[in-house]
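Structure, as structure tokens:
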Amino acid sequence: MLHDPNRVYVFDTTLRDGEQVPGCQLSTPEKIEIAKALELLGVDVIEAGFPISSPGDFQSVIELSKAVKEPIICALTRANKGDIDSAAAALKYAKYPRIHTGIGASDMHIKYKFNSTREQILERAVDAVKYAKKFVEDIEFYAEDAGRADNEFLAKMIEAVIAAGATVVNIPDTNGYCLPEQYGAKILYLKENVKNIDNAIISVHCHNDLGLATANTVAGIINGARQIECTINGIGERAGNTALEEVAMILKTHKALNLHTNIKSKHFTEISHMVSRMMRMPVQPNKAIVGKNAFAHSSGIHQDGFLKHRENYEIMNPEDVGLNEAGIILTARSGRHALKHHLERLGYEIEKINLDDVYQRFLVLADDKLSISDDDLLFLMSNSDKSAYKNGYKLNLLHVICGDNDKPNAHIKLQHNGEEKEASATGNGPVNATVNAITSIIGKIIELKEFTIQAMHGGSDDVSKVNMRVVFEGKSYQGYGFSTDIVKASANAYLDAINKFL
Ligand code: KIV
Ligand code: ZN
């Protein structure tokens with residue numbers, strides 16, 4: 001399997017170790033959907049389940065084997081014939097099947113879990129590998145609680161299972177106990193003391209009980225492991241497993257390590273959302289790589305530095321993990337620079353705007369809200385007491401008559417350059433009458449191409465958001481208006497579009 005010495009294989013166990021978490025159980029169709037996304041992401045191995053544990057798990061391994069063809073499909077067993085028979089049967093449709101068998105390696109497990117001795121455990125490990133080898137060529141052996149196992153005994157066990165036919169040897173830090181230095185040293189010890197180690201790939205499987213899963217995994221690969229076992233979003237038993245996205249981005253960011261995976265990182269955001277939604281497991285906002293705030297800069301100093309040169313505060317490209325752009329979150333602590341960035345992103349030409357006025361009103365609004373959305377900015381720009389535009393038109397008065405017996409009529413007053421202008425017009429409805437009245441004051445040929453009204457939240461007392469697209473001299477301009485009065489919201493949207501070209 002191993003050709004390129006710098007290639008790190010990715011073994012995803014979201015559907016096995018991850019799915020063991022109470023409340024995270026998935027149906028087989030959901031597992032297939034995630035498995036297909038993992039295939040697209042470029043993982044090398046999918047641990048599809050523990051077939052002996054339940055008929056559902058058995059069936060899922062069968063269905064995943066049929067649905068996914070690129071990655072190796074792996075099934076977990078304990079070191080006994082019944083488990084291995086079940087795994088072999090569940091893997092019968094897999095194009096590339098792997099049996100993952102193993103037993104405890106620490107004295108703690110040997111004594112208190114198996115009530116056994118090192119010699120007996122060693123024999124069971126070897127027997128399990130030999131038995132599994134009758135069914136499939138690719139056998140991964142796990143030495144459970146290897147993190148706390150005696151290195152000399154661990155090396156003896158690993159040498160014996162490789163001699164019995166194991167192609168991959170998994171060194172789990174089952175309880176998330178190790179420090180990165182210790183775990184890295186353990187891998188190096190195996191590299192240097194297991195005679196036949198080059199006949200197998202060393203795999204690292206770290207749990208996050210002390211928050212060290214990713215650090216330990218990286219220490220493992222720096223010291224010679226070439227497979228990482230991990231889950232999307234780091235889900236898993238207790239504090240979870242190593243997060244796939246974290247290790248993949250560490251290798252991508254730290255080029256000097258000269259290690260690489262086959263992972264297409266631009267799928268991270270999407271697959272993270274998918275796993276979180278299906279497993280009903282929210283991602284913490286500050287989670288590295290995939291958390292909502294992972295690329296969001298909110299303090300004024302950081303935002304300013306980021307906008308001057310993004311690498312001042314960014315070590316990865318958000319696009320590389322599937323985000324469209326870095327989130328400069330607007331809050332009461334954001335500066336003018338951040339506000340300007342967002343207004344430009346929304347299509348406003350800054351030279352035409354009273355940026356100081358808009359910024360003052362932005363601060364008042366931001367004090368009331370945790371963060372400012374695009375709709376909030378559009379609201380600020382279109383519903384100003386003063387015009388947001390240096391040479392803008394502002395609605396001073398709107399009076400509309402409409403209903404069954406009258407031809408709709410609008411009377412308006414607009415303020416422009418310190419002057420007030422007024423006009424009346426009729427139309428086929430109140431909005432049409434208002435638009436006609438405004439156009440008669442502007443005195444230009446303006447085509448209204450699109451007009452949509454949307455309630456912001458629902459309910460007859462709601463604020464309406466109006467979106468208009470107008471064409472002036474062959475160019476399109478978008479305008480937005482907000483009000484509890486839909487005619488006023490429409491007038492504001494129309495003026496917002498007009499102010500963009502005048
Ligand atoms: O954490 C662990 O030791 C495991 C093994 C079953 C591989 O998940
Ligand atoms: Zn585990």
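Of note:
- Using distinct alpha-carbon pairs, which all enter the 1/r mean, Kirkwood radius of the stretch 93-202 in Å: 13.9 Å
- With a cut-off of 10 Å between beta carbons, the residues surrounding Thr452 carry a summed charge of +1, where Lys and Arg count +1 and Asp and Glu -1.
- Per residue, the accessible area of the chain comes to 45 Å² when a 1.4 Å probe rolls over the protein heavy atoms.
- The stretch 296-372 - charge dipole about Cα centre, Lys and Arg +1 at Cβ, Asp and Glu -1, debye rounded to 20: 180 debye
- For the chain, the Cβ-based charge dipole about the Cα centre amounts to some 460 debye (Lys, Arg positive; Asp, Glu negative; other atoms uncharged).
- Accessible surface of the stretch 394-501, 1.4 Å probe: 44 percent of it comes from carbon and sulfur atoms.
- Taking amide H atoms as placed 1.01 Å from N in the peptide plane, the amide H of Asn396 lies under 5 Å from those of Lys413, Leu414, Gln415, each 5 or more residues away in sequence or on another chain.
- Length-normalised contact order of the stretch 432-502 in % [C-alpha pairs under 8 Å, at least 6 apart]: 25 percent
- Selection from Leu122, Ile162, Asn175 lying farthest towards where the dipole of the stretch 115-229 points positive, charges on Cβ: Ile162
- Protein accessible area in the stretch 108-193, 1.4 Å probe - carbon and sulfur %: 49 percent
- By average C-beta atoms within 10 angstrom, highest first, the peptides 8-19, 289-300: 8-19, 289-300
- Cβ charges +1 (Lys, Arg) and -1 (Asp, Glu), total dipole of the stretch 76-187, debye: 400 debye
- With a simple spin-label model that places each label point 7 Å from the Cα along the Cα-to-Cβ direction, the separation between Lys130 and Glu420 comes to 10.1 nm.
- The accessible surface of the stretch 296-372, taken with every protein chain in place and a 1.4 Å probe, is 50 percent carbon and sulfur.
- Hits among lysines - C-alpha to C-alpha of Lys81 under 24 Å, sequence gap 8 or more where chains match: Lys92, Lys95, Lys111, Lys113, Lys130, Lys133, Lys134, Lys156
- Cβ-based net charge around Ser272, under 9 Å, with every Lys or Arg adding one and every Asp or Glu removing one: -1
- If you take the Cα centroid of the stretch 27-46 and the Cα centroid of the stretch 102-164, the two points sit 29 Å apart.
- Multiplying the residue separation of His260 and Lys191 by 0.36 nm and removing their Cα-Cα distance gives an extension gain of 22.8 nm.
- Relative contact order computed over the stretch 296-372 (Cα-Cα under 8 Å; 6+ residues apart), in percent: 34 percent
- Taking a ≥ b ≥ c as the square roots of the Cα gyration tensor eigenvalues, the stretch 422-502 comes out oblate, since a/c reaches at least 1.5 and a/b does not exceed b/c.
- Estimated [θ] at 222 nm from DSSP helical runs (n ≥ 4, -39500 (n - 2.57)) normalised by residues in the chain, nearest 500: -11500 deg cm²/dmol
- Cα-based helix-to-principal-axis angle, 486-501 vs the chain, degrees rounded to 10: 90 degrees
- Of Met108, Met278, the order by accessible heavy-atom surface (1.4 Å probe, DNA, RNA and ligands excluded), from most exposed downward, is Met108, Met278.
- Spatially, the stretch 291-370 and the stretch 413-469 are offset by 30 Å when compared through their Cα centroids.
- Selected from Pro430, Leu414, Ile498, residue furthest toward positive end of dipole (the stretch 394-501; charges at beta carbon): Ile498
- Computed log₁₀ I(q)/I(0) - Debye formula, equal Cα scatterers, no solvent, the chain, q 0.07, 0.10, 0.12, 0.13 Å⁻¹: -0.55, -0.80, -0.98, -1.09
- Entries in Lys292/Lys369; Lys308/Lys369; Lys69/Lys195 that, when Cα-Cα distance is taken, lie over 25 Å: Lys308/Lys369; Lys69/Lys195
- Estimated at the nearest 10 Å², the accessible area of His254 is 110 Å² with a 1.4 Å probe.
- At R0 = 25 Å, FRET efficiency that the Cβ-Cβ distance of Ile222 and Glu270 yields, to 0.05: 0.25
- FRET efficiency for Asp4 and Lys111, using Cβ-Cβ distance with R0 set to 51 Å, rounded to 0.05: 0.80
- Relative contact order (percent, whole number), the stretch 9-279, Cα cutoff 8 Å, 6+ residue spacing: 19 percent
The values are calculated or read from the model by the stated rules, or taken from the named source; none is laboratory data. Predicted model, so just to flag it, every value in this text is computed and none were measured. Cβ sites come from the backbone with ideal geometry, for glycine too, and all protein chains shown count toward neighbours. Heavy atoms of the whole protein, side chains included, go into the accessibility calculation; ligands, DNA and RNA do not. Shrake-Rupley method; radii C 1.70, N 1.55, O 1.52, S 1.80 Å.
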